[in-house]
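K.L.:
Handing you this structure, nothing more for now.
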Amino acid sequence: MLLNIVLAALSGLLLVLVHPPFNLWWFAPIALAPLLVAAARERSWQRRVLLGLASGYVHWFGLCPWIQFVLEVHGDMGYWGSRGTFLLFCFLKALHFALFAALAGWVMRLRWAALAAPALWVGIERTNGPFGFAWLTLGNAGTDMGIPMRLAPFTGVYGLSFLFALMAATLALVFLKRPRVELAPILLVPALALLPALPEPVKPDHQAAVVQSNFAESRLYTRAEMAVELSQLSLLTTEQVLQPGLPRPDLLLWPEVPAPLFYSTDGATRTMTESVARTNQLPFLFGAVTYTLEGAPLNSAVLLGARGESLSRYDKMYLVPFGEFVPPVFTFVNRISDGVGDYSPGQHLIVSKVAGHGIGTFICYESAMPHFVREFANGGGDVLINLTNDGYFGRSAARQQHLNLARMRAAENRRWLLRPTNNGVTVSIDPAGRVRERFPEFVRTAGRLGYRYETAKTFYTHHGDWFAIGCLLAGIGAAFWATVRPNYRKPA
């Protein structure tokens, strides 16, 4: 049992190392192998649950230590309160690993385990969003891998997860000395070369003038201070529009900010933002707090026309746990964002129109939801824009982790993606998921982000998580079959 626990914990560690800040992506094809070996060796499903908990605990503890920092610094929970809450979070998230390990013990007995185990892993990965907190998947480790990224427009990130899990399962079967015929599915890997190559880098033909506001996270701004800040941002915007030697931009962008930008209730804020659009005679998209008719706050993306008129408003639909609302299990935790109460989720996905082109705007944490972001592209979004504020992360690896999520969304939908942020990482991302332009972090600045409008829809954009849902059904079916068939293979 001790060796199996060590193997399970090793998988948890490898699954941490493949992501920022380490970026040891070459571990991705082997990361799950130790856990699969441990699950295959352990006959008791109850003990396999413990193996999964050990693996999941190591994984989430190593991947998201910034959660403890956020709770302590911005949630005012103190040293012990933040750590205790973070450990509870790791335990709850480890339940996904526990379920996988419990079922994988049966699945690994099948002659087609090399396919069944990866399907089970992908299917359980897909449940992270509906049941708690979605963040990086195994497939996100492949963001900089040219060949695996060919899968993204067809299967989404889950195809890459399946690929890496398939390679790991094959390695586990080799270690368990299984017959060579059971390793045959690994022959699918070279077939990736038959998929269309990633699009070549092309020069953008449109530009957005973008302000990186660099508001302090923990500061409470008075109305007078906010007026000064908005004046400075307005000046930065106009200076960027009038940059000598550069063509006029097509769009003005400000990010999601922690400052009290109350567009719908503060006349001064509304007047200033409308003035920005009118002065520069350009459409203007920015993050703001608005309210429902019942008075509940909304985290919104407001789009104004070139005359300052309101064109559209998108209200964030997937809220950040602890940041914008407190999950029921954690009612003792302070919400991190200041200035308003718990936010209310938006009810409608909006694709705005600018000069005849569709603009799909999603906010911050929503970039972790591939099934949701593809709806913007499928609904007519010719370019994707992710307004975000990563300032609460401090200088942790969460900033790069969040960026990698956005990069995968661009590749899945073959769309340019602009990412204006409060203090970084502000970038433009091309349809292959490559970062093309990047602002310096932790400074107030402005610049241009290039992009192109794309109208062709990928298979994933059209059909969504068909692959992940299919894997979930296949994985559960395989586990059921392995438990009821009369003559199953004894574990090694």
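The numbers here are math on the coordinates, done by the rules we state, and not lab data. Predicted model, so just to flag it, every value in this text is computed and none were measured. Positions of Cβ are backbone-derived with ideal geometry, glycine not excepted, and every protein chain shown enters the neighbour counts.
K.L.:
Please work out whether the range 155-228 counts as rounded, prolate or oblate from its C-alpha gyration tensor, where a ≥ b ≥ c are the square roots of the eigenvalues and a/c under 1.5 means rounded, while otherwise a/b larger than b/c means prolate and anything else oblate?
P.N.:
Since a/c reaches 1.5 but b/c is at least a/b, the shape of the range 155-228 is classed as oblate.
K.L.:
Moving on. Gap in Å between the Cα centre of the range 433-478 and the Cα centre of the range 371-398?
P.N.:
Measuring centre to centre over Cα atoms gives 9 Å.
K.L.:
Then there is this: Using the 10 angstrom Cβ neighbour count as an exposure proxy, how do 1, 167, 108, 317 rank, fewest first?
P.N.:
In increasing order of surrounding Cβ atoms, one gets 1, 317, 167, 108.
K.L.:
In nm, to one decimal, how far is the residue 483 label point from the residue 205 one, both placed 7 Å along Cα→Cβ?
P.N.:
Taking the two extended label points, one gets 5.7 nm.
K.L.:
Provide the net charge surrounding residue 86, with neighbours chosen by a C-beta distance below 14 Å and charges set as Lys +1, Arg +1, Asp -1, Glu -1.
P.N.:
For residues surrounding residue 86, the net value is +1.
K.L.:
Tell me, what is the FRET efficiency for residue 355 and residue 197 to the nearest 0.05, using R0 = 41 angstrom and their Cβ-Cβ distance as r?
P.N.:
0.85
K.L.:
Taking a label point 7 Å from the Cα of residue 73 along the Cα→Cβ vector, which residues of the range 438-466 have an amide N closer than 17 Å to it?
P.N.:
Answer for the range 438-466: 441-444.
K.L.:
Same structure again: At residue 6 and residue 183, where each label point lies 7 Å from the Cα along Cα→Cβ, what is the point-to-point distance in nanometres?
P.N.:
So the label points at residue 6 and residue 183 sit 2.5 nm apart.
K.L.:
Next up: So for 342, 390, fewest C-beta neighbours within 10 Å to most, what's the order?
P.N.:
Listing 342, 390 from fewest to most nearby Cβ atoms yields 342, 390.
K.L.:
Next question. On a 0 to 90° scale, report how tilted helix 223-241 is relative to the longest principal axis of the chain, with both axes built from alpha carbons and the result rounded to the nearest 10.
P.N.:
So the helix axis and the longest Cα principal axis differ by about 90 degrees.
K.L.:
While we're here: For an R0 of 45 angstrom, estimate the FRET efficiency from the Cβ-Cβ distance between residue 246 and residue 131 and round to the nearest 0.05.
P.N.:
According to the calculation, E is roughly 0.45.
K.L.:
Treating only the Cα positions of the chain as identical point scatterers, give the base-10 log of I(q)/I(0) from the Debye formula at each q in 0.10, 0.13 Å⁻¹.
P.N.:
Listed by q, the Debye log ratios stand at -0.76, -1.18.
K.L.:
Tell me whether the range 206-451 comes out rounded, prolate or oblate; compute the Cα gyration tensor, take square roots of the eigenvalues as a ≥ b ≥ c, and use a/c under 1.5 as the rounded threshold.
P.N.:
rounded
K.L.:
Also: What is the sum of charges, Lys and Arg at +1 and Asp and Glu at -1, for the other residues whose Cβ falls under 13 Å from the Cβ of residue 283?
P.N.:
Cβ neighbours under 13 Å give a net charge of +1.
K.L.:
Please give the net charge around residue 175, taking every other residue with its beta carbon less than 13 angstrom from that of residue 175, where Lys and Arg add +1 and Asp and Glu add -1.
P.N.:
+2
K.L.:
By how many degrees, 0 to 90 and rounded to 10, does the Cα axis of helix 2-17 deviate from the longest principal axis of the chain?
P.N.:
So the helix axis and the longest Cα principal axis differ by about 30 degrees.
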